[in-house]
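The values are calculated or read from the model by the stated rules, or taken from the named source; none is laboratory data. These numbers come from a predicted model, not from an experiment. Because the Cβ atoms are built from the backbone with ideal geometry, glycine has one as well, and the counts that use them run over all protein chains shown. Heads up: the accessible areas ignore ligands, DNA and RNA and are worked out on the full protein's heavy atoms, side chains in. Shrake-Rupley method; radii C 1.70, N 1.55, O 1.52, S 1.80 Å.
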Amino acid sequence: MARSDPGRRVLFAVPTSKDAAITASILDEARIESVACRNLVQLSAEVGAGVGAILLTGEALSGTGIKELVTVLQGQPPWSEPPVVVMMSGPAHAAGAAPVLAGLGNVTLLERPAPVRSMLSAVQAGLRGRDRQYQMRDQIAALNATDRRKDEFLAMLAHELRNPLAPIRNAVQIIRARAPEDPWIRQTGDMIARQVGHLAHLVDDLLDVSRVTQGRVMLRRETIDIAEVVQSGIELARPFIDARKHQLTVELPAPGRLQVVGDATRVAQVIGNLLDNAAKYTEAGGRIRVAACRDGEFAAITVRDNGIGIAADLLPRIFDLFTQAARSLDRAQGGLGVGLSLVKTLIELHGGTVEARSKGHGTGSEFVVRLPLFAGGALTAGRTTPTQGGTPD
């Protein structure tokens, strides 16, 4: 018969050349393309060229090449599990071969001697299942292509949005300079500056997402002091925290007493994003606490708030890209749902972990970042630095 899709071939290995000729004839009459293999070593090699199903006899399970076949089948892509039809002499034979059968994965057992109709039915059912696997493969490829196009679009969008920001900022400064005493111009200029700053933050998040998804984030590693980098992160989030009139409490070790190896700018960005998130989902005038301490061989940085909390169904996916908590309109502080995803990615690039905790709605939330300590780093008694007249929780 004419060759068709190698992905629909039935590869088989049977005891004798006579059995091979009979099996090939049966499959050919059913218009099923097949390849007779001398042994399992040849069959394993043929799998790489494409396979729809595999047909074996029980004797093959104890012959040479079974280890190679198990290795090939277990090394398939996640979507792929080629169906294997095995004709056994009886239940006792099948029971003795159970460990090998488990290694083959997607196995259908037939008792020998099996009627031709039963054998063909099992093979055709396997081929139908294999077709569904190929459909899944194609769907995954299409989703990956769509995801790549999305990443490319986000990168292009971020760059295009960033271009007008500098001229707008410059225009605001010129307007302020022309009439510095005019309260209306000063108020309007301040409003424009705040909104431009907010837009710049969103654009920077988009740019970072595109860099992360394309694997282009580069870390400038150096020994960094946790106390200093946390203070830098606080300064990034300070305007938003002040605007919301939150009470911020900071508990840090003495400078130089807790050190990690990493990119100071990126770790500060992580702290800033966590504080932005806390400020966004905490009612005006709420409490936010930042603390750092030693936790075994790690530096642990905790950001806790008394805000709206995280629902139990959202907690497992809080770090997924474009995930945001549902909130009422008066809590809609903007954002793209990328900040926490960036936090997780950046911390994992540093060899650390981040964990979110919450007991549910109205109970606040807590995020704990752990980074491997720099060799020789130590922690002495920390100090408490409340701001805005606050005290530690």
Worksheet item: Give me the pairs: first residue in the range 116-137 and without any contact (Cβ under 8 Å) to a residue 40 or more places away in the chain, second residue surrounded by 15 or more Cβ atoms within 10 Å (Cβ to Cβ), beta-carbon distance under 7 Å, and six or more apart or on different chains, which are they?
Response: S118/L110; A122/V85; A122/T108; A122/L110
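Per-residue answers, yes or no, for (1) part of a helix (DSSP H, G or I); (2) farther than 21 Å from A114 by Cβ:
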site	(1), (2)
I22	yes, no
E46	yes, yes
A60	yes, no
E68	yes, yes
P82	no, no
Worksheet entry | the range 162-180, subset closer than 15 Å to M191 by Cβ and free of Cβ contacts under 8 Å to residues at least 24 places away in the same chain, residue least open to solvent (accessible area, probe 1.4 Å) | A171
Worksheet item: With (1) under 42 Å from the mean Cα position of the chain (by Cα); (2) part of a helix (DSSP H, G or I) as the list, and L27 as the residue in question, which single condition is left unmet?
Response: (1)
Discussion item. Considering only residues that are buried (at least 17 other Cβ atoms within 10 Å of the Cβ), touching a Ser or Thr at 6+ places or on another chain (Cβ under 9 Å) and either within 16 Å of A60 (Cα to Cα) or among the aliphatic types (A, V, I, L, M) (or both), which ones fall in the range 13-36?
Written reply: A13, V14, T23, A24, L27, A36
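Hey, can you tell me all the residues within the range 101-115 that are assigned to a helix (DSSP H, G or I) and touching a residue at least 12 places away in the same chain (Cβ under 8 Å)?
L101, G103, L104
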Fill in: Output for the range 283-314, where each listed residue is touching a Phe, Trp or Tyr at 6+ places or on another chain (Cβ under 7 Å) and part of a loop (DSSP other than H, G, I, E, B)
G307, I308
Worksheet item: Can you spot a residue in the range 165-176 that is under 27 Å from S25 (Cα atoms), over 27 Å from the mean Cα position of the chain (by Cα) and of a type in the set (A, V, I, L, M, F, W, C)?
Response: no
Discussion item. Which residue is least open to solvent (accessible area, probe 1.4 Å), if the candidates are limited to the range 64-83 and must be closer than 16 Å to G7 by Cβ and in contact with a Ser or Thr (Cβ under 7 Å, 6 or more places away or on another chain)?
Written reply: P83
